[in-house]
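Take a look at the structure below.
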Amino acid sequence: MKIQKTEFAAKLNKIKSVVPKKTSNEALKGILVKDGYLIASNLEMTIKTKIEGVGNENFILPERAFDLINNLPDGEMEIVVTPKNTITIQASTIKNKYKTIDSEQFPVTAAPEDGDSLTIKANVLIESMRRVSYAIPVRGDKAVMTCMCLQATGGYLNFVGLDGHVLAWDRVDYDGEFELLIPKNTVEKLKSLGLSGDVQISHSRTGALFTTDDFEIYTRLVEGYYFKYQAMFKELPLHTTLSRMKLFDAITRAKMCIEEKRPVRFELNGNILNLSISDSKTDYKETVELQETVPEELIIGFNAHLVLETIKAFDCENIDISFAGSKMPMIVKDENSFFKAIVLPVTIN
């Protein structure tokens, strides 16, 4: 087959991170080229992407060939497949031959057939995933903590992530009832693909398939039931509004001034937030103006990193923050949308 190197490499780079580093199935260490698609799989997740100019070719591109293709000169490249499971890649004066594996050994995951489906705009899906994904840990005591909850109920499609210290919740209008627990790796991959147009999500009890004009992304779902996250968001008596970036910049400056891992101290008094952080060598203080007066004084501590990650998930000019006491969580809300998050406090002296 002959194809433009730039286009082929671009699609290859979109999906190659799915290829597992360690697997007992050698076929999975490459990318399957089949019927106009590039296909990568680690069994937990499978991605198919359309590639123009590929016909009925059917072979496995070994991982060793990925870097060569990326470093070929721009222009046309040719891949020739022989009956003895070898492929030759040629471009200009460059030519290299690889041993490969019979493509029949590459397991292709079947799409869900016994479930329901919905359609959502790609930008809406990815924006909500982006907002909550920071709160999903890579590892957790429970499998359900390492996934994003995509739950349709009560006229909304809810996106939720939590790790025991922070909780993030976004939602959009949707009429339906289901709950999908999507692994963090799948969420991160969906965010990175540059999806556009409509996304159809087909799902069954064990798997979900995200389909666009250019991609098909299949993922296994995490088994179990998610936490009762809605009950964690309550109206709190101490409430104010402040500039999101002023708070972010203040905590960033405070955090860069210390060498040790120490909590950031919030002291709210009237229309002022006195922010401080200290270790054995530094005692940093900064004042941030509040746009609404807090009815009573409050001193509370937080993990500075978690507060920064939470603030970064928002994109509004101002955020609303609410408290109930020095040992109770802080609730952060977007001034322009439903998006909200919880950050648990830490002990301070």
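The values are calculated or read from the model by the stated rules, or taken from the named source; none is laboratory data. Source: prediction; values computed, not measured. Note that each Cβ is placed from the backbone with ideal geometry, even for glycine, and that neighbours are counted across all protein chains shown.
Key figures for this structure:
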quantity: Any hit, segment 287-296, residues being of a type in the set (D, E, K, R) and without any contact (Cβ under 8 Å) to a residue 40 or more places away in the chain; calculated: no
quantity: Lone unmet requirement of (1) at pLDDT below 95; (2) more than 22 Å from Pro183 (Cβ to Cβ); (3) surrounded by 14 or more Cβ atoms within 10 Å (Cβ to Cβ); (4) in contact with a Ser or Thr (Cβ under 9 Å, 6 or more places away or on another chain) for Thr82; calculated: (3)
quantity: Among (1) in a loop (DSSP other than H, G, I, E, B); (2) under 30 Å from the mean Cα position of the chain (by Cα) - the single one Ala254 does not satisfy; calculated: (1)
quantity: Residue within segment 270-279 that is within 26 Å of the chain's Cα centre (by Cα) and within 18 Å of Val332 (Cβ to Cβ) present; calculated: no
quantity: Test: residue in segment 269-285 that is closer than 27 Å to Lys184 by Cα, of a type outside the set (A, V, I, L, M) and surrounded by fewer than 19 Cβ atoms within 10 Å (Cβ to Cβ); calculated: no
quantity: Residue in segment 195-240 that is farthest from Asp116 (Cα to Cα), counting only those that are hydroxyl-bearing (Ser, Thr, Tyr) and out of contact with any strand residue (DSSP E or B) (no Cβ under 6 Å at 6 or more places or on another chain); calculated: Ser196
quantity: Any hit, segment 153-169, residues being among the aromatic types (Phe, Trp, Tyr), surrounded by fewer than 22 Cβ atoms within 10 Å (Cβ to Cβ), under 20 Å from Thr310 (Cα atoms) and outside the structural domain of Lys16 (by TED's automatic domain parsing); calculated: no
quantity: Every residue from segment 1-18 that is buried (at least 19 other Cβ atoms within 10 Å of the Cβ) and either assigned to a loop (DSSP other than H, G, I, E, B) or touching a Cys at 6+ places or on another chain (Cβ under 8 Å) (or both); calculated: none
quantity: Lone unmet requirement of (1) crowded, with 19+ Cβ neighbours inside 10 Å; (2) under 24 Å from the mean Cα position of the chain (by Cα) for Lys22; calculated: (1)
quantity: The lone exception for Glu104 - which of (1) within 23 Å of Leu193 (Cα to Cα); (2) over 30 Å from the mean Cα position of the chain (by Cα) it fails; calculated: (1)
